[in-house]
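Step one of this worksheet: look at the structure below.
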């Protein structure tokens with residue numbers, strides 16, 4: 001079989017600086033803004049003619065942070081509590097024979113500066129630095145199937161987590177130059193990004209996550225998440 005060499009056409013710049021806390025599906029965190037920076041020679045403006053007429057795009061990308069770990073024929077989906085194994089092809093797991101992912105995102109704006117082209121996106125579920133291999137327009141009449149069955153994930157996750165902020169964390173959000181930072185952090189943490197086996201523990205559990213250029217420290221007890229501090233990375237310690 002002839003091997004096909006694929007080159008990235010662009011790189012994602014997103015607020016998610018690590019795999020932890022990236023939404024498990026696109027669109028769950030609507031305030032997650034990202035930029036797709038096109039690389040030469042794929043930043044040719046004519047290649048994007050007509051793209052602005054579409055509200056959403058399909059991105060085909062590489063799971064670059066896990067591709068060296070290879071693939072597994074069975075995986076433990078978070079939606080099944082991390083306890084039951086199913087076939088990798090029945091999931092969207094990152095550990096695939098070919099480390100390719102598919103994500104639908106909202107196109108907020110198409111930008112151009114001379115020969116430089118980039119796309120402003122929202123609703124992304126992609127970690128910073130993700131290589132993008134292709135872009136395709138989303139067609140609602142073809143891509144949305146109203147009577148489709150969702151297997152073991154028939155509906156969006158049940159969100160019952162409450163997120164509150166300490167006075168110090170609220171003040172940090174107010175002083176930040178990032179618009180809607182507090183709302184964005186709330187949308188991320190309400191998804192409860194902890195591994196399934198960590199849920200149901202006794203007492204407060206402390207965690208940290210890197211979002212934008214901040215280390216966000218928070219703690220969880222039951223269905224309550226409390227954001228303790230939001231610290232610039234150069235001032236903060238190592239996140240958990």
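A short reminder: the numbers here are calculations on the coordinates, not readings from a lab. Values in this document were obtained by computation on a predicted structure and should not be read as measured data. In this analysis, Cβ positions are derived from the backbone assuming ideal geometry, glycine residues included, and neighbour counts consider all displayed protein chains.
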Along the Cα→Cβ direction, 7 angstrom out, place labels at residue 199 and residue 174. What is the inter-label distance in nm? 3.4 nm
Can you tell which of 70, 27, 114 shows the greatest fluctuation in a Gaussian network model of the chain with Cα springs below 10 Å? 114
Most exposed first, judged by fewest Cβ atoms within 10 angstrom, 108, 187 run 108, 187
Pairs of alpha-carbon atoms within less than 8 angstrom and 6+ residues apart define the contacts here; what relative contact order does the chain have, in percent? 26 percent
Which order results if 139, 107 are arranged by neighbouring Cβ count within 10 Å, fewest first? 139, 107
Give me the distance in nm between label points sitting 7 Å out from Cα along the Cα-to-Cβ direction at residue 44 and residue 183, one decimal. 4.0 nm
Please check which bits of segment 75-111 a label hung off residue 142 would reach, taking the label as a point 7 Å along Cα-to-C-beta and the cut-off as backbone N under 19 Å. 102-107
Rounded, prolate or oblate (a/c below 1.5 giving rounded, otherwise prolate when a/b exceeds b/c) for the chain by Cα gyration tensor: oblate
Once you keep just the Cα pairs under 8 angstrom separated by 6 or more residues, what percentage relative contact order results for segment 1-144? 41 percent
DSSP bridge pairs, the chain: antiparallel proportion in percent, nearest 5: 90 percent
Need one number: nm distance between label points at residue 65 and residue 18, each 7 Å from Cα along Cα→Cβ, rounded to one decimal. 0.8 nm
Give the order of 165, 89 when sorted by the count of other beta carbons within 10 angstrom, beginning with the fewest. 89, 165
Quote to one decimal, in nm, the extra length available between residue 116 and residue 152 on full extension: 0.36 nm per residue of separation minus the C-alpha distance between them. 8.7 nm
Computed FRET efficiency, Cβ-Cβ of residue 102 and residue 219, R0 25 Å: what is it to the nearest 0.05? 0.15
